[in-house]
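See below for the structure under consideration.
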């Protein structure tokens, strides 16, 4: 074998070895799969558009975003060491979920994944400020497996309270339940009536139509979404009244007269109130009030009133209602 032939053979071997390394490191011998990476950045201190290169000053908040896509499920690892030369990293997110740097060693890509890294710029940007991270692929494809539905255990309601327990039966009423995990309730059962509630903002609301219940007290229990029955010690009482305005509760029902006090009245028809007067056998005095809704109002009781038992006279456009069945006490 002559010298020229040996040199040509050596060059061919080196070329083949170089091609081997190239495809091993870059393509990972995956000729049948398509992998794509797109890069964007934003300077959140003054610019919010996605671009491929955005200038920034030292201390600006900069966001780097990479979109990885593969036409078959795959795991990749991302090395962001070089990025730390430019950025004090504050937050790392994969698909809008915050992760730690160690989680970047194994990112699962089903169709596409979004990597977002945010931090403070260490220096004012230069031409080489945009740094692509080193991307390495895992050796084996990740086989898709059917995901089993996660069985979430049913959490039962606890610490249930009722805003008002006494109602006028000849008008429409809204019963409000408060507590934890009330979203697990499917039906509220009041005696033999089964009513589907509305859950909103942590509270459970039950609409009771007029004339649904006669005078009397009724027990309550709950049917949960998992079919379980939850009993309760709570009771609702209904009383028929021709009055358009009624008071079911006064909180607190005992106050002192050393300073102005506020009490909360609960009942119905409060949206029609024109004035509230505080009354007993000796005194008749206007009280400031704030209507919260049809069933709740706040009333300011002025300081210095004589100790004793009081009730409210409430006026609407038609008449004055002396609500003597609900009283509260003022003490020295």
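Values quoted throughout were computed directly from the atomic coordinates according to the rules given, and no laboratory measurement underlies them. Only a predicted model underlies this, so the values are computations on that prediction, with no experimental measurement involved. Cβ atoms come from the backbone with ideal geometry, glycine included; neighbour counts cover every protein chain shown.
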Ratio of the Cα radius of gyration of region 174-328 to 2.2 N^0.38 Å, where N counts its residues: 1.21
Proxy reagent accessibility, fewest Cβ within 10 Å first, across 163, 209: 209, 163
Normalised convex hull volume, region 247-331, alpha-carbon set, Å³ per residue: 78 Å³
Gained length - residue 226 relative to residue 156, 0.36 nm times residue gap less alpha-carbon distance: 24.2 nm
DSSP-defined antiparallel bridges as percent of all bridges, region 158-239, nearest 5: 90 percent
Along each principal axis, Cα extent of region 157-244, largest first, Å: 40, 25, 19
Burial ordering of 241, 232, fewest other beta-carbon atoms within 10 Å first: 232, 241
